[in-house]
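Please read the structure below before turning to the comments.
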Amino acid sequence: MTKEEALRTYFGYDAFRGGQAAAIDALLSGRDVVAVMPTGAGKSVCYQVPALLLPGITIVVSPLVSLMRDQVTALVQMGVPAAYLNSSLTFRQYLLALERARAGRYKIIYVAPERLETEGFRSFAETADISLVAVDEAHCISQWGQDFRPSYLNISAFVNSLPKRPPVGAFTATATPDVRGDILKLLELKDPLSVTTGFDRENLYFEVQQPSSKRAALLELVRSRPGKCGIVYCATRRTVEEVCGFLQEEGIAATRYHAGLEAEERLKNQEDFLYDRAVVMVATNAFGMGIDKSDVRYVIHYNMPKDMESYYQEAGRAGRDDAPSSCILLYSGQDVRTAQFLIEHSEPREELDAVTAARLRERDRERLRQMEGYCRTRRCLRQYILQYFGEFAPDYCGTCYNCLHNFEEVDISREAKLIVRCVSESGQCFGAGVIAETLCGAVTDKVRKYHMDRESTYGALRELTQAEVRERIHCLLEEGVLEASSGPYPVLRLTEKAEDVVYGAAPLLMRTDREDRPAVRLVPTELKGEDAELFRRLRVLRAKAARFQGIPAYMVFSDKTLREMAVRRPATMAQLRAVSGVGSAKAERYGRQFLEEIQSF
Ligand code: ADP
Ligand code: ZN
């Protein structure tokens, strides 16, 4: 079987996506791979296809129980013999699974990193024919990454202990240079092929709102998407409770997820969401890793996350089926202050020396600044994201709020000159807060303490609010006229561009929202008329089939697959198989029912 045939037969897809073929070829030829691909890009195919083609077993190291279960259920649906070994199994189940693995019953085995060190697993691995080791969420190996997992450090020892070293593939959605270096070094990868695919997710729409009432904004967003699945991320458990309760009171089928709930309730709520019994999941960031529900139509952040890595990973859980989906962030200044507080008051991990701890903290501050920058920018949001991840991107995408919205451009040349003067004459040693207070002529402790009321610019922008002055300061930061120092209290400094502002003739423009802000709404390309009706019927059928099998609906077929069926209306098994997402096993299992439904329609 070729890799293309495997993709067609098991997954039902016609073509590989960017990066997949290269990664698969390398692994098949015995070469190590390190792949950085954004959430939803299709990392699992990169090791699942080789797993099907290689003679022996593929071991997938994965950090989360829910992730393993989900992946294994999906694989079994596709006709791939797979299993997982983790703490959710009883000891007897574990032994049984190992016995079957020994007997060569599985092609793919998912294991938690802690398992690799256990006696039972080691002795199994010594005699088993292991063709490939794939490390999922490989950034967990680095303390510079977001979710450090010390047990990941044992993976290389495990690989080296095998009688014959198989190729190792490392996969992650986010890897800054630090993290990438750690992955290469700590996993002891040998001359790995490096695969990076574009971070762009074309089907995602991005928007940031700064509403006066987050609740009202959220309700409006949810109500305008009736029956659509969505995730609402909140910063704290308490906010999850409040927001979920509020949505339920408003008659919305919402459920909740956070680490403070009993394991039993967490599992139940997660399943309610996966099985479409609850359409909205309100959760902390504890929810989602490994959740491959492909028809999540929107991800709303009720609070700003701490960095762009977290944001893009969480937002990326929308629209994995490639259908248009929205990622909307509800921002407030309080979110920034909370995040700052957490950074300054976090306890460094015990084993860290003071220098490393300080470096980590400064890195967190910088990440937070970048995150805040995303919330405040009026530039193309997609471009902002892609540039953050080190990619080139045009300054117009046409499918984010900032690109679709009619901003008003106001000339802030005069204000800019005054801001520059104020920063300059006060000695470039104050942050945006004090500068804004000074220019607005505020009477505060800091203004008095530092004698800012004696500056010539004191009160020079009295007609503006402090928020408006800050908005302009932010614009100057973005334009590179000002820069902010590092440290817990960033201080504004002038760059060489400041001179252009003072002496230059070109006006400085700032995009600002107009009062009569027209509501732009990106309407996903919806099906019309009969297609829509057939799509609805197919969804009903899918729900029935899923219930019968005891699996979530999206694992039967994705929304995208059903939509394609509704439009193409296959009449024969061969035509049905030509629909993207219909593999052999699924065609056999569900094909007849779906063809009949289409026929009778
Ligand atoms: P990641 O792990 O990178 O977040 P997944 O491996 O879960 O992403 O894949 C995301 C979705 O894209 C899945 O539903 C998967 O079936 C689908 N997918 C992967 N590869 C392809 C492909 N070549 N063509 C079409 N869909 C694909
Ligand atoms: Zn854009």
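A Förster distance of 25 Å, applied to the separation of the beta-carbon atoms of Q93 and S151, puts the FRET efficiency at 0.75. Amide hydrogen proximity for L193: with H placed 1.01 Å from N in the peptide plane, the residues at 5 or more positions away or on another chain lying under 5 Å are D32, V33, V34. The apolar share of the surface of the chain, taken as the fraction of accessible area on carbon and sulfur atoms (1.4 Å probe, ligands and nucleic acids excluded), comes to 50 percent. Close amide H pairs (under 5 Å, H built 1.01 Å from N) link Q209 with L329, L330, Y331, residues at least 5 positions away or on another chain. Between I130 and I57, the built amide H atoms are under 5 Å apart, and every one of these is 5 or more places off in sequence or on another chain. Computed on the range 204-395, with alpha-carbon pairs under 8 angstrom and 6+ residues apart, the relative contact order is 24 percent. Our summary gives the chain a relative contact order of 14 percent, counting only alpha carbon pairs under 8 angstrom and 6 or more residues apart. When the residues S156, S486 are ordered by accessible surface, computed with a 1.4 Å probe over the protein chains alone, the sequence from largest down reads S486, S156. In this structure the chain gives 45 Å² per residue of accessible area when probed at 1.4 Å with all protein chains present. A cut-off under 12 angstrom between Cβ atoms defines the neighbours of E314, and their net charge, with Lys, Arg +1 and Asp, Glu -1, is 0. In sequence order, the range 415-425 has phi-based couplings of 4, 4, 4, 5, 5, 4, 5, 4, 4, 5, 6 Hz under the Karplus curve 6.51 cos²θ - 1.76 cosθ + 1.60, θ = phi - 60°, and Gly or Pro positions carry x. Classify the range 15-76 from the C-alpha gyration tensor, please: rounded if a/c falls under 1.5, else prolate or oblate depending on whether a/b exceeds b/c. Since a/c reaches 1.5 but b/c is at least a/b, the shape of the range 15-76 is classed as oblate.
Once Lys and Arg get +1 and Asp and Glu get -1 on their Cβ, which of A505, I59, L153 lies farthest toward the positive end of the dipole of the chain? The Cα lying farthest towards the positive end belongs to I59. With an a/c value under 1.5 for the gyration tensor axes a ≥ b ≥ c computed over the alpha-carbon atoms, the range 3-196 is described as rounded. The Rg/Rh ratio of the range 240-337, with both radii computed over alpha carbons and Rh defined as the Kirkwood radius, is 0.95.
At the listed q of 0.18 Å⁻¹, the Debye profile of the range 408-512, built from one uniform point per Cα, gives log10 I(q)/I(0) equal to -0.80. With a threshold of 32 Å on the Cα-Cα distance, the over-threshold entries among K107/K268; K3/K164; K190/K306; K164/K306; K268/K306 are K190/K306; K164/K306.
What does the net charge come to around K185 if you take all other residues with beta carbon closer than 14 Å to its beta carbon, with K and R at +1 and D and E at -1? Cβ neighbours under 14 Å give a net charge of -3.
In a shell of Cβ-Cβ distance under 11 Å around A546, excluding A546 itself, what net charge do Lys and Arg (+1) and Asp and Glu (-1) give?
Summing Lys/Arg as +1 and Asp/Glu as -1 gives +3.
The accessible-area ordering, largest first, of the residues R238, R8 stands as R238, R8, per a 1.4 angstrom probe.
Each Cα pair under 8 Å and six or more residues apart adds its separation to the average, and for the range 3-196 the resulting relative contact order is 31 percent. In this simple spin-label model, placing a label point 7 Å from the Cα along the Cα-to-Cβ direction at both A354 and V567 gives a separation of 6.3 nm. Overall shape: prolate for the chain, with the ratio a/c of the largest to smallest alpha carbon gyration tensor axis at 1.5 or above and a/b above b/c.
Note on exposure: L162, L96 ranked by accessible area (1.4 Å probe, complete protein assembly) read L96, L162, with the most exposed listed first. When DSSP beta bridges are restricted to pairs lying wholly in the chain, around 15% turn out antiparallel.
Applying the criteria of a DSSP loop state and at most 12 other Cβ atoms within 10 Å to the GluC sites (Glu not before Pro) of the range 386-468 yields E463.
Taking each DSSP H run with n ≥ 4 as -39500 (n - 2.57) and averaging over every residue of the chain yields -13500 deg cm²/dmol at 222 nm.
Between R105 and K528, the modelled labels are 5.3 nm apart [label points 7 Å from Cα along Cα→Cβ].
Can you give the Kirkwood hydrodynamic radius for the range 285-355, in Å, rounded to one decimal and based on Cα pairs? Value: 14.1 Å, from the Cα pair sum. Using alpha carbon centroids, what distance separates the range 147-212 and the range 213-255, in Å? Using only Cα atoms, the two centres lie 33 Å from each other.
The values are calculated or read from the model by the stated rules, or taken from the named source; none is laboratory data. As the structure is a computational prediction, the values presented were derived from the model and not from experiment. With ideal geometry, Cβ positions are generated from the backbone for all residues, glycine too; neighbour counts draw on all protein chains shown. Surface accessibility is based on the protein's heavy atoms, side chains included, excluding ligands, DNA and RNA. Shrake-Rupley method; radii C 1.70, N 1.55, O 1.52, S 1.80 Å.
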